[in-house]
Amino acid sequence: MESRTYTSPADVAQWCAAAGWPVHPLVPHQKTPVASCAACRLPGHRTSDCPCLAEGRWCHGLLAATTNRARVTDWWDSQPGFGVGVACGPAGLVVLDVDAHAQALPQRHEVLPGIAIHETIDLTGLSTGYHSLALLAALRGQPDPALDDLTLRVRTPSGGLHIWYDATSAPRLRSSVGRGGRGLAWQVDVRAVGGYIVAPGMRTRNGSYEHVGECSRPAVLPDWLREELERTGHLEKPRESRTRPSARIDPALAAVLSAGWGSEAARKTLETVLEPVLACATTASGAGFSDKLNRAAFTAGGLCAAGVAEPARVQQLLEEVAEYVRPGQHRRSAQIISSGFTAGSQRPLIPGGRR
Ligand SMILES: [Zn+2]
Ligand SMILES: [Zn+2]
């Protein structure tokens, strides 16, 4: 894979989105997400009934992350100086964030959590995450991930390293901060579910995030690292909610599903018919997607005809779901939604009542 040269944040954002990695804006030249709107910053505001995410605003940091090309274009057209963050969870990414802060040697048991490093191993000179990660690899008889030139690696302004891995086929792994005897290794943070990472090519006031070597794609997460991540408590607990059967619902989409577009009963009814549509996300094509989307649209039409849901918002929601499940088929999905919705509108549907 050829290496990439930095052009503009907008370009980087589109590159990430095209790779299937949801992006969200960062404060120009910093690594923090841009602020939410005033309403979203009010005390007591909950993302579960926030309209901003459904309406395509960038409130709530990584929860707003999207692969929607049009939205990405809108965001960076309006604010070309915004940096780019990648939401690791919905992107299926696990990124090892190796710090190079020269620090005093930690306690022996804090270097590699859960591993008792034998007294005969001399830890003199161990001062950064590069060292603790190399030690872990050596103890396991594996190559040092920091030297893995077959995966995407990014040098950070502070001299650290981001090592990117594709974990789409691994169990869901969550983020951690590797200090104080927790995490994967001392001075090695893990960015996964619940975390985001600064995109390659970004510049902050401290310097650039630059590709190391030629590889510009993440390799599949090696089995041994996955095992180490599971051993150190990075395995995401299974979801309890029955209404979220798809293991990898985009957080932005989850927020859309729960946004205030209709009554609680209407939401439950629509969720029931959206579940099979979402389930199609795990298959490349077919799976009866069109029929399932049509049925969901029909139900939505009935709910709107009964006055318990708002037509414009519900149709937008259906389009978001369709785009998530079958990206790039917007026109076709919109036709299915439109015809299903129109047909359903002839049959008002009271949630809980009989058709
Ligand atoms: Zn907002
Ligand atoms: Zn909000």
How big is the range 106-242 in terms of Cα radius of gyration and Dmax, in angstroms? 15.4, 51
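Name the shape class, rounded, prolate or oblate, that the alpha-carbon gyration tensor gives for the range 261-345, where a ≥ b ≥ c are the square roots of its eigenvalues, rounded holds for a/c under 1.5, and otherwise prolate holds if a/b is larger than b/c and oblate otherwise. Please list the in-between numbers first.
Details: a/c = 1.94, a/b = 1.60, b/c = 1.22.
Verdict is prolate for the range 261-345.
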CD proxy, 222 nm, the chain: helix-only mean residue ellipticity via -39,500 (n - 2.57) per DSSP H run with n ≥ 4, per residue, nearest 500, stands at -10500 deg cm²/dmol
So what are the ³J(HN,Hα) numbers for the range 40-54, from phi and the Karplus equation (6.51, -1.76, 1.60; θ = phi - 60°), rounded to whole Hz, Gly and Pro as x? 6, 9, 5, x, x, 5, 10, 5, 5, 10, 7, x, 4, 5, 5
Once amide H atoms are placed 1.01 Å from N in the peptide plane, what residues at a sequence separation of 5 or more from Leu173, or on another chain, have their amide H within under 5 Å of its amide H? Val193, Glu236
Once phi is turned into ³J(HN,Hα) by the Karplus curve 6.51 cos²θ - 1.76 cosθ + 1.60 with θ = phi - 60°, what whole-Hz value does each residue of the range 61-68 show in order, with x for glycine and proline? x, 5, 5, 8, 4, 8, 9, 5
For the chain, the percent of all C-alpha pairs falling in each 20 Å bin, from 0 up to the bin holding the max distance, is 28, 51, 19, 2
Rounded Å value of the spacing that divides the Cα centres of the range 289-308 and the range 95-120: 55 Å
Under 25 Å from Lys237, Cα to Cα: lysines that are on another chain or at least 8 residues apart: Lys268
Got a sec? Charge dipole of the chain, +1 on Cβ for Lys and Arg, -1 for Asp and Glu; which of Ala305, Ser338, Ala138 is way out at the positive end? Ala305
At a 4.7 angstrom Cβ threshold, list every cysteine in the chain that has nobody to pair with, or say none. Cys16, Cys37, Cys50, Cys88, Cys215, Cys280, Cys304
Taking every DSSP bridge whose two residues both lie in the range 9-231, the antiparallel percent to the nearest 5 is 90 percent
For a quick check: with amide H placed at 1.01 Å from N, whose amide H comes under 5 Å from Cys59's, ignoring anything fewer than 5 positions away on the same chain? Cys37
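All of the numbers you see were taken from the coordinates with simple rules; none came from a lab. In this text the structure is predicted, and so the values were computed from the model without any measurement. As a convention, Cβ positions derive from the backbone with ideal geometry for all residues, glycine included, and neighbour counts pool all protein chains shown.
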